[in-house]
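Shown next, in structure tokens, is the structure this report addresses.
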Amino acid sequence: MKSKIFLRLSLVYSLAFGGFSYAADNSLSVEIEIPRMNVAEYHKPYVAVWLEDSNRRATQVALWYDLDMKDNEGKKWLKDIRQWWRRVGRKAEQPFDGLTSATKGPGKHRLSIDLDAKHLSSIPSGDYQLRIEASREVGGKEVINIPLFWPPKASDYPKSAKGSSELGNVNIQLN
């Protein structure tokens with residue numbers, strides 16, 4: 001009985017979060033740290049994650065922004081994630097279904113990129129950058145670029161990078 005309920009919940013969860021999941025067998029696990037800051041006025045950052053090829057073509061992976069603002073007001077601040085906005089945001093169909101979640105506070109946050117997801121399975125082989133950009137109201141902006149080859153190979157992982165202000169450690173594992 002418990003296993004049937006678990007399987008049903010897993011299926012519903014997989015369908016709801018098609019672009020990225022939290023339990024994929026063929027996935028990149030990306031842990032993103034949002035550092036704790038000692039400031040008078042703290043706002044959670046908006047964060048965008050995307051893959052970019054050498055021709056600057058981008059494939060959206062994840063987007064964390066304020067989904068709960070009245071009248072979808074959170075969308076108007078998406079353009080403050082400047083590099084993402086230029087590469088992906090202004091041309092993308094909104095809302096970003098299946099890729100968005102709420103902003104995250106300080107701590108380590110994990111997302112799992114399902115390599116079999118429809119929008120990722122058609123990406124041509126080659127050199128890419130996994131780009132993670134954070135922008136915070138009354139704060140700063142930061143972009144981390146992590147070079148990787150697509151499709152990912154087990155011998156290339158783990159990978160890591162470290163931000164200097166708005167982002168902390170970023171760790172990537174191939175599952």
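Only one residue in 106, 158 is surrounded by fewer than 18 Cβ atoms within 10 Å (Cβ to Cβ), free of Cβ contacts under 8 Å to residues at least 60 places away in the same chain and on the phi < 0 side of the Ramachandran plot, so which one is that?
On the way: 106 fails: free of Cβ contacts under 8 Å to residues at least 60 places away in the same chain.
158 is the lone residue from the list that is surrounded by fewer than 18 Cβ atoms within 10 Å (Cβ to Cβ), free of Cβ contacts under 8 Å to residues at least 60 places away in the same chain and on the phi < 0 side of the Ramachandran plot.
Every listed requirement among (1) within 13 Å of residue 30 (Cα to Cα); (2) open to solvent by 40 Å² or more (accessible area, probe 1.4 Å); (3) not basic (Lys, Arg) is met by residue 151 save one, (1).
Across the stretch 109-128, the qualifying residues are those that are part of a loop (DSSP other than H, G, I, E, B) and open to solvent by less than 50 Å² (accessible area, probe 1.4 Å), and the one among them that is farthest from residue 147 (Cα to Cα) is 117.
Given the structure, is residue 93 modelled with pLDDT under 90, open to solvent by 60 Å² or more (accessible area, probe 1.4 Å) and farther than 17 Å from residue 60 by Cα?
So residue 93 fails the test.
The values are calculated or read from the model by the stated rules, or taken from the named source; none is laboratory data. Here the structure is a predicted model, which is why all the values come from computation and not from measurement. Ideal geometry is used to build each Cβ from the backbone, glycine not excepted, and the neighbour counts take in all protein chains shown. The area values use the complete protein model at the heavy-atom level, side chains included, leaving out ligands, DNA and RNA. Shrake-Rupley method; radii C 1.70, N 1.55, O 1.52, S 1.80 Å.
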